[in-house]
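Below is one structure, written out as structure tokens; the observations come after it.
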Amino acid sequence: MRMIHISQYQESKMKLAKPIYDAKGRVLLAAENRVHPVYLERLRHMGITTLIIEDEESKGITLEEMLDMRTWIEMIQGLKQIFDKVASNQLFPISVLQSIARKLVAEVKQRRAIMLTPSTSLPAELSPYAHAVNVTLISLLISKKLSYNDLQLHDLAIGCLLHDIGKLHSKEIEHTEIGFSILRKVREISFLSAHIAYQHHERMDGTGYPRGIKGSEFLEIAQVCAVANLFENLMSVENMPPHEAIEMIMTQNGVGYLPSVIEAFVRSVPPYTPGMKVALNNNMIAIVTRIESHIQRPVVRITSSNQEISLASNLNLMVSKVLTNEGLKKELHI
Ligand SMILES: [Fe+2]
């Protein structure tokens with residue numbers, strides 16, 4: 001299976017590899033189905049722009065690096081419930097939050113690599129919550145490289161899940177302060193978690209907001225969330241492929257964020273993800289099949305010969321260009 005932009009869907013050649021869910025988390029279209037053009041239009045209307053499909057090219061790609069779709073949706077639904085309760089001034093559902101955080105920590109602990117399920121594979125209504133879950137996943141991956149202990153992982157997960165809770169009241173700069181004040185009132189939420197909401201738009205050079213803090217005032221744990229937030233936004237809002245988003249974030253080394261955080265980030269997130277079409281430096285065209293031992297050097301399948309090669313054990317070979325995105329950019333006119 002592989003991910004495509006909805007504009008690349010071809011009914012005669014492609015079946016759904018994963019179900020499509022509605023905003024209530026119900027299956028709208030089951031796996032194995034083909035998508036009728038009328039339905040494609042409906043999906044676009046709902047804000048769904050990424051499809052996970054199976055076709056001739058994607059055979060043998062399992063996307064095991066992705067979280068189980070059901071588990072992912074349940075976490076997103078759970079997070080939405082929390083936001084809804086806070087919006088209507090009900091008792092803060094702390095146990096729901098803690099259980100989502102625990103599940104995410106466990107997922108990240110047991111996996112070597114994680115490939116994000118794009119928030120654009122869900123109806124737009126759910127995208128803020130899918131964004132928060134994805135930011136948490138990236139943050140936890142980074143913090144694994146920073147050797148955080150269980151307590152720090154838990155605080156980080158809670159803070160990341162709720163980093164934008166202030167947006168319930170304002171989408172502007174002040175969402176950070178509002179978020180901080182909401183979280184400070186919940187006894188079970190730590191000072192550090194609340195600071196993640198407060199500081200996730202700050203930058204080390206003092207050009208961030210809301211306070212423009214500098215240097216060590218910008219807590220490392222909040223920097224982890226800030227970098228993850230930036231990466232998720234570049235991918236989902238800007239439609240940028242991971243290798244480009246990573247390059248862009250690397251330019252922020254020591255300027256926006258601590259070199260140790262950027263370095264941990266680069267070592268955590270795969271630039272070439274399964275299903276991507278790439279050109280190698282020997283001019284061969286290949287498709288990424290899986291990520292094994294090396295996060296930057298995946299296993300690829302040469303299109304012309306069907307031969308699988310691990311770039312981790314063939315160091316003379318490297319990805320010279322990502323092709324999927326070139327075609328997609330043309331189609332999207334960007
Ligand atoms: Fe934010």
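Each residue in region 226-280 was checked for being part of a loop (DSSP other than H, G, I, E, B), within 16 Å of the ligand (Cβ to nearest atom) and either assigned by TED's automatic domain parsing to the domain that holds P298 or under 19 Å from T49 (Cβ atoms) (or both), and 2 pass. Filtered by the rule that a residue be within 20 Å of E232 (Cα to Cα), more than 16 Å from the ligand (Cβ to nearest atom), of a type in the set (A, V, I, L, M, F, W, C) and part of a helix (DSSP H, G or I), region 137-155 gives L137, L140, L141, I142, L153. Filtering region 290-307 to residues that are surrounded by fewer than 18 Cβ atoms within 10 Å (Cβ to Cβ) and in a loop (DSSP other than H, G, I, E, B) leaves E292, S293, H294, Q296, T303, S304, S305, N306, Q307.
Taking residues in region 54-75 that are over 16 Å from M115 (Cβ atoms), and partners anywhere that are among the aromatic types (F, W, Y), the pairs with Cβ atoms closer than 8 Å and at least 6 places apart or on different chains are I73/Y21. Scanning region 156-174 for residues that are within 13 Å of the ligand (Cβ to nearest atom) and of a type in the set (G, A, S) returns G159, G166, S170. Residues of region 175-218 that are within 11 Å of the ligand (Cβ to nearest atom) and either over 26 Å from S260 (Cβ atoms) or among the hydroxyl-bearing types (S, T, Y) (or both): H175, T176, I178, Y198, Y209. Among residues of region 175-201 that are of a type in the set (D, E), those with a beta-carbon under 8 Å from a residue that is within 13 Å of the ligand (Cβ to nearest atom) at least six positions away or on a different chain give the pairs E177/G166; E177/Y198; E177/P210.
Flag: R26 matches the condition of being loosely packed, with under 13 Cβ neighbours inside 10 Å and either within 24 Å of the chain's Cα centre (by Cα) or closer than 18 Å to A124 by Cα (or both). Residue count for region 226-242 under the criterion of being more than 12 Å from the chain's Cα centre (by Cα) and at pLDDT 95 or above: the result is 1. Of E74, E11, all but one fail to be of a type outside the set (S, T, Y), surrounded by fewer than 19 Cβ atoms within 10 Å (Cβ to Cβ), part of a helix (DSSP H, G or I) and at pLDDT 95 or above; the exception is E74.
The values are calculated or read from the model by the stated rules, or taken from the named source; none is laboratory data. Predicted model, so just to flag it, every value in this text is computed and none were measured. Cβ sites come from the backbone with ideal geometry, for glycine too, and all protein chains shown count toward neighbours.
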